[in-house]
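Working notes for the structure below.
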Amino acid sequence: MSDKYYLRENVYIDPLINNWYAWPNLLSPLQYSLYMSKTHIRLMKSFIDNYELHILANQDKTIAGGGEFINCTAEQVEEVAALLQKFETEDAIFGKLAQAIKELNALLKTHLSGESLDPLYEQVPDLLRGYVELVMDTNHNASFRIIEGLVYNSDYYKTQLQSVSLGILDKGSARPFVLSTPRFPEDNNLHIQEPFASQFWDDLFRCREHPIAKTEIDALFTPRHCRGGLSPHELFTTEAPVKSCVPNNQVAVTYIGHAGLLITTGETSILVDPVIANITEENRHEALGFAHLPEKIDYICLTHNHADHVNIESLLQLRYKTDTIVVPKNNGGSLVDPSLKLMFNQLNFNVREIDDMEQIPVQGGKIVGIPFLGEHGDLNIRSKTGWYFELLGKKIYAGADSSNLEPRVFEQVNALFGDLDLMAIGMECVGAPFTWLYGALFTEKVAINIKESRRLDGCDFEKGIQIAEILKPNNIWIYALGLEEWYNYFMGLDYSDDSKQLIESGKMVEYFNSRGVPVERLCGKKHIILS
């Protein structure tokens, strides 16, 4: 009998758009044009001009994850320069799109009369005509709405820019910070030029639990455009992964790292904000990987459109076994709030979009979208929701980075659903200025006082205890702090003992422990059966 081969559990992937790590806002073409023009090109020019500074900065953990330093070697300067030239020649359309957006914003800013916008359509930059609607808010301020469905069906959505780099995490190896470093084919990876929506990725990632023969590996990879020194066969092993048992007829909640939860009953499997670890010898006893998940995922529920919660890297690897991905409703055409529904349609997912307090009936209960306030720098972003799960009579709330800006929201939720069995809440209470993530989408410079005032903050101790005292959970999990070392490549955090996040969450643990409520600040893995 011939050997059968599994995809190794320490194989990682970097989904890429034009060699840069694919996070959600890069999938949307108009948003991508701004990030490429204002962030990627700026960083590459800086690296080419002064690569020694970048290399030195990446040796300092306190600044390496700040997004300002490319983590490439001196030998890769020419590759960075070649990519920059490609951006400015072959992909110049995106630079022109970014300029068109800037011109449109400038045009609308001069329209102060509050009168009809109809005459301005003739002045919309040609590249944007047919893709935007000019609109007024209730204060008669002019703006525009992107017709995202048309943009995705235009030449601006270029799937040929999509690729995936596969590598193997060996002992002591680390991945560069994703938001500041382009990826190139090297001796230790394999770059495959293939759109994210391709069936190829489902066939490949299914091999994590369903082995294939060596001839099938050849048949899978031979037609693909592959670069890099890693052989496809090196990605596979004959050693079967060790699977976890899923309990029947009980509500089990498993913390899978960062903001990820797995909720299972005998009938239903739900993932929340999955960022799945690649298992290595160093984290094997602390982390949960793909092999620990059920064979079928009924629902993946995503809380908000940040890369550590909508993690394309993990979601692509789960698509083949996922029935439905559930996302919060968006504003419809805002630069800062692209549609998750339309994005996942392009990625070949079965996707459902829900609004605040909308319910999805499931076997044994329901899923409800809960209003999510805060953590977005006061921007009008609707693609965010907490999740309430009621399964077999047990009640669970996953709030991610929701902040308690208005306690009456939670008072109304408690009045509707009653007290909780488990509450999971994030306490990343010292977020970056909103421009760290969204600055590229602003066509004019944002004043320092505005940046410093409006931050991507979650709950501190006072806000956290207030939520808990309103929702009255029997168990409290504090999560989404990025404490796991194996997530440093996308979190970029380096906590010290006096970090406010640890101090505030430590107060939360002490406060509720003293009141007899089980509470834990999570790191690694945790499992509970709600009985």
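The values are calculated or read from the model by the stated rules, or taken from the named source; none is laboratory data. Being a predicted model, the structure only gives us computed values, none of them experimental. Reconstructed Cβ throughout: ideal geometry from the backbone, glycine too, with neighbour counts over all protein chains shown. What goes into the accessible areas is simple: the full protein's heavy atoms, side chains included, and nothing from ligands, DNA or RNA. Shrake-Rupley method; radii C 1.70, N 1.55, O 1.52, S 1.80 Å.
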Which value, in Å³ per residue, describes the convex hull spanned by the Cα atoms of the chain? 156 Å³
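How high is the FRET efficiency between ASP60 and ALA291 when r is their beta carbon distance and R₀ equals 30 Å, given to the nearest 0.05?
For ASP60 and ALA291, the calculated efficiency is 0.25.
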Considering only protein heavy atoms and a 1.4 Å probe, what is the carbon-and-sulfur percentage of the accessible area of the chain? 47 percent
Counting only Cα, what are the radius of gyration and maximum Cα-Cα distance Dmax of segment 387-531, in Å? 16.7, 54
Whole-Å distance, taken between Cα centres, linking segment 75-150 and segment 483-531: 42 Å
Are there trypsin sites (Lys or Arg not before Pro) in segment 276-321 that DSSP puts in a loop and that have at most 14 other Cβ atoms within 10 Å, and which ones? ARG284, LYS296
With θ taken as phi - 60° and the coefficients 6.51, -1.76 and 1.60, list the Karplus ³J(HN,Hα) couplings across segment 186-191 in order, rounded to whole Hz; mark glycine and proline as x. 9, 5, 9, 9, 9, 8
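Peptides 150-158, 391-399: what's the order by average Cβ count within 10 Å, highest mean first?
Numbers: 150-158: 14.7, 391-399: 22.1.
Listed from highest to lowest mean packing, they are 391-399, 150-158.
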Helix-only [θ]222 nm of the chain, DSSP H runs n ≥ 4, -39500 (n - 2.57) each, per residue, nearest 500: -7500 deg cm²/dmol
Hey, which lysines would be in cross-link range of LYS451, C-alpha to C-alpha under 19 Å, not counting anything within fewer than 8 residues on its own chain? LYS38
Placing +1 at every Lys and Arg Cβ and -1 at every Asp and Glu Cβ, with all other atoms neutral, what dipole size does the chain have around its Cα centre, in debye to the nearest 20? 600 debye
For segment 66-224, place one equal point scatterer on every Cα, skip the solvent, and apply the Debye formula. What is log10 of I(q)/I(0) at q = 0.13, 0.14, 0.17 Å⁻¹? -0.89, -0.95, -1.13
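Once the convex hull of the alpha carbons of segment 309-388 is built, what does its volume come to per residue, in cubic angstrom?
It is 104 Å³ per residue.
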What does the accessible area per residue of the chain come to in Å², with a 1.4 Å probe and no ligands, DNA or RNA counted? 42 Å²
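Can you give the Kirkwood hydrodynamic radius of segment 264-412 from its Cα pairs, in Å with one decimal?
That comes to 16.2 Å for segment 264-412.
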Estimated distance in nm for a label pair at GLN193 and VAL517, the labels positioned 7 Å out from Cα along Cα-to-Cβ: 5.6 nm
If the viscosity is 1.002 mPa s and the temperature 20 °C, what translational diffusion coefficient in µm²/s does Stokes-Einstein give for segment 351-414 when Rh comes from Kirkwood over Cα pairs? 170 µm²/s
